[in-house]
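The values are calculated or read from the model by the stated rules, or taken from the named source; none is laboratory data. The structure displayed is predicted, hence computed values, not measured ones. Here Cβ is always computed from backbone atoms with ideal geometry, including for glycine, and neighbour counts include all displayed protein chains. Remember, those area values only see protein heavy atoms, side chains included, never the ligands or the DNA or RNA. Shrake-Rupley method; radii C 1.70, N 1.55, O 1.52, S 1.80 Å.
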Amino acid sequence: MKLFNKVVGTSIPRADAHEKVTGTALYIDDLRFPRTLKMKVLRAGVPHAIINSIEISKAIDMPGVHKVFTGKSLNLDKNHLFGTCIFDQAPLAIDKVRHAGEIVAVVIAETEKQALAAIKNIDVDFKELPFILDPIEAVGKEAPLIHEQNGKYHHVPTFVPEPQTNIFYKYHLKKGDYEHVFQDAEITVEDNFEYPLMNHAAIEPHGAIAQWDHTGELHLWSSSQAPFVLREVLADYFKIKQMIKIHIHIPYLGGGFGGKSDYTIEPLVALAAQLVPGYHVKFVLTRKEVFIGSVLGRGMKGHMKLGAKKDGTLVGIEATQYFSDGAYGDTGCNVVLAAGHNCVGPYFFPKCNLKSFGVYTNSAPVGAFRGYGHPEGQFMIERLLEKLALKLGMEYDDLRMKNFLRPADTNSLGQIINEHNGDIRKCFTQTITKLNEIPLPPEDESFFYGRAAVGLIKSPVQTANASSNVFLKFNEDLTVNISTGGVELGQGSLTVLAQIAAQTLHIPVSNIRINYEINTQLTPYEWQTVASMTTMRVGNAIISACEKSITQFKQNAALVWDYALNDIVYDGTKVSYQDRFLDLKELVLGYQYSDGHTVGNPILTTGSSVVRNVTFPDLETGQYQPYEWTFGSQGVDLKINKKTGEITILHFVTALDAGKVINPALARGQVTGGVMQGIGQALKEKIVYDESGNMTTTNLRRYAIPRLSDMPEKFSCIFIETPQPDGPFGARPIAEHPALGPPSVILNAIQRVTGISFTSIPVTKERMLNALKAGEK
């Protein structure tokens, strides 16, 4: 077979580059519709309180106002809750507020200015209650109860709450003799750790536009990573029995990082639009509202203990993680699950006793964030391995190499590791080799210089029946349209998926068009654009559709020639048999004879990719079968200014076993972005609440994210390619993985040169300087 071109493995330009650099790409706030009203909201401003009354009469009479409503004015009650795992949230507060950013009243008006003026004329009377933000304090017996109905909410069987507590989910993973984890240990180390609440800080804020048409059907445009989950949530909440009556539209997204994979404002905007049928209702959050009123990420306090032999062999691990999941628990459930079994990192332990708790607190709700429960636990184990190596008098790198998972080992879930899962030792070795290419300067009068390397591992966290599906059609000129429910949120999926299709069909990538705008009426089902699975799952669906289209071309030719299908060869421009051939253009709509009659069919196919052998957690042992794993390693060279405490990243290395890199430039971009997010979390980022329970870090001045000046002086990106047997051309997920290691590897490098052992982040320059001064004293 003639191979027309080879595009997999090459760095072709982004398919959406021109639209985005010229400003013609359409995002949620760019959309304009006739008869559009603007929506604004009043937020509680107190973290925990009973609503005594809300006076809205003045606001109703304000100019331009169409509707003002509260939970009580709509007679909402416990039957008006939504969710996917735990149904514990209403679109807005009804009789109680559980965090300071919670919405208590809504105004729909002709303009934003009119809506904001009306908001100022709403009076709320609260009976304030004790509040709590710390997850460990929240599980105490004296803690104020945030949800009196905890345990009574509808929930899926695998997420079991503890009634009359603030624990909405407990995950307990047991491996081996978990009750005697340290029986064979000759040495143990332990410590407490904290990973604070953080914000995704996507460049585009959350937004939604909703309309109920004259037939009672719901149309909703949203900046969401999960249109079909959103459709399911809305169908359930509004009791819409036929999903054909819900139209979810997704334009381009300006970043998400998991913060737009969970529903946030959409149920409320749809509820508001229901009150003004025929109108479009538009609501786009301000930057402050993104912080206080959407979803946050991370927020873990934990304890870990490791046991080992004197030769460094790990024998057991115990860990307990408490997640501050905010006012509502549904979006945090699966993060708690993922954190529980991934806190062992890429290391072999014969015995595991691992507990993680999802805890109600009086912060904004917490949901998915790049890494999804993996950074928190792996921060703990990589920091604790440093402590163990010191206690053993063993080289840090040797301790890790000795205990990395090997083929035939079992991980914390009891899964057997295979050769095709990837080569963690090769990743780690190449990380160290790359760091050692440039000698680390010795300590001088002004600076400490540190170096460290860590391992990492990640599994996709997804529902047991997650699937990706595509529609493919050949046009008359042999160009190809492919429709997928995968959302383009900046990761480059439009480009990578086109490369996969072009390679499979043996046609130029310029002939492939992957849709970017999603409409659930027209677009095939996609579970969610999460878990770093777009390339793998959608890519496999595209390969399936492409292979079917090749078969259809052959079938059309077989009808003309009366030859067996297997004897016909396809090469991207024609099909042939021995010395006979037909151009694909002659077959793309079926073959038409000179007298006009036609045989065969137009080339139109579908493709699907469903995860296989994924199971729910066992309620007794916590063990279950997730999907495949990606191994990697990260290393850092840094310097610490002795006078200011400023930490400068000199060289950052990431090595990932990617299976097969489809587009090296885009893959490097993913790594660079993920590393910078991780560096920000290590050195800068933390959500802060004041003593009144209100967030103070509500803009990008007070909540410090990395800037260009914080970029490492040198980036190194290494891809190992151990093919994934069921991945498209051998590819496996890599998108979230670069964000996992920076906090632990940076703190390890700090400790190695200063002796200061930080167990929480961020290590700001002020905190570093204070620690250095304390050490001098």
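For region 152-211, state what percent of all Cα-Cα pairs lands in each successive 10 Å bin, counting from 0 Å until the bin that includes the largest distance.
12, 21, 28, 26, 9, 4, 1
Kirkwood Rh, Cα Rg: Rg to Rh for region 237-286?
Radius of gyration over Kirkwood radius for region 237-286 works out to 0.97.
For Asn601 paired with Asn418, estimate the spin-label separation in nm (one decimal), with each label point 7 Å from Cα along the Cα-to-Cβ line.
Output for this residue pair reads 3.3 nm.
I want to check the label-to-label distance for His180 and Lys288. Put each point 7 Å from Cα in the C-beta direction and report it in nm to one decimal.
Spacing of the two 7 Å Cα→Cβ label points: 6.0 nm.
Given a Förster distance of 25 angstrom, what is the FRET efficiency for Glu142 paired with Ser757, based on the Cβ-Cβ distance and rounded to 0.05?
0.20
Around Lys245, what is the net charge, scoring Lys/Arg as +1 and Asp/Glu as -1 over all other residues with Cβ under 15 Å from its Cβ?
-1
Equivalent-ellipsoid semi-axes (√(5λ), Cα gyration tensor) for region 70-145, whole Å, largest first?
Taking √(5λ) for each eigenvalue gives 28, 17, 12 Å, largest first.
Taking only the alpha-carbon positions of region 547-690 and ignoring solvent, what does the Debye formula give for the base-10 log of I(q)/I(0) at q = 0.12, 0.18, 0.20 Å⁻¹?
-0.80, -1.06, -1.15
Test of understanding: what is the full-extension gain from Ser608 to Lys309, defined as 0.36 nm times their sequence separation minus their Cα-Cα distance?
Taking Ser608 through Lys309 to full extension adds about 102.8 nm, to one decimal.
Between Glu517 and Ala774, what is the spin-label point distance in nm, taking each point 7 Å from the Cα along the Cα→C-beta axis?
The answer from the label model is 5.6 nm.
Given the rule -39500 (n - 2.57) for each run of at least 4 DSSP H residues, summed and divided by the residues of the chain, what is its mean residue ellipticity at 222 nm, to the nearest 500 deg cm²/dmol?
Computed ellipticity for the chain at 222 nm equals -7000 deg cm²/dmol.
Multiply the residue gap between Arg767 and Leu31 by 0.36 nm, knock off their C-alpha separation, and tell me the result in nm, one decimal place.
My answer for the length gained is 260.5 nm.
Are there trypsin sites (Lys or Arg not before Pro) in region 197-302 that DSSP puts in a loop and that have at most 14 other Cβ atoms within 10 Å, and which ones?
The qualifying sites are Lys239, Lys241.
Taking H as built 1.01 Å from N, whose amide H comes closer than 5 Å to the amide H of Ala452, not counting residues under 5 places away?
It is Val636, by chain and number.
If you roll a 1.4 Å probe over the heavy atoms of the protein chains, what accessible area per residue do you get for the chain, in Å²?
Heavy-atom SASA per residue in the chain reads 38 Å².
Karplus couplings for region 733-743 from phi (6.51 cos²θ - 1.76 cosθ + 1.60, θ = phi - 60°), rounded to Hz, Gly and Pro as x?
Going residue by residue, I get x, 9, 5, 7, 4, x, 7, 6, x, x, x Hz, with x marking Gly and Pro.
Of all accessible surface on region 226-384 at a 1.4 Å probe, what whole percent is carbon and sulfur?
54
Using C-alpha positions alone, give me the convex hull volume of region 432-472 per residue in cubic angstrom.
198
Step through the table entries Lys434/Lys773; Lys96/Lys282; Lys310/Lys660; Lys458/Lys686; Lys170/Lys458, compare each Cα-Cα distance with 28 Å, and write down the pairs that go over it.
With Cα atoms farther than 28 Å apart: Lys434/Lys773; Lys310/Lys660.
Hey, what do the phi angles of region 325-330 turn into as Karplus ³J(HN,Hα) couplings, whole Hz, using 6.51/-1.76/1.60 and θ = phi - 60°, x for Gly and Pro?
The phi angles translate into 9, x, 5, 9, x, 4 Hz.
Using a probe of 1.4 angstrom, how much of the accessible area of region 437-559 is carbon and sulfur, in percent?
Of the solvent-accessible surface of region 437-559, carbon and sulfur hold 51 percent.
Measuring from the lowest to the highest alpha carbon on each principal axis, how far does region 327-416 reach, largest first, in angstroms?
Projected onto its principal axes, the Cα set of region 327-416 covers 45, 29, 23 Å.
Carbon and sulfur together cover what percent of the accessible area of region 21-115 at a 1.4 Å probe radius?
50
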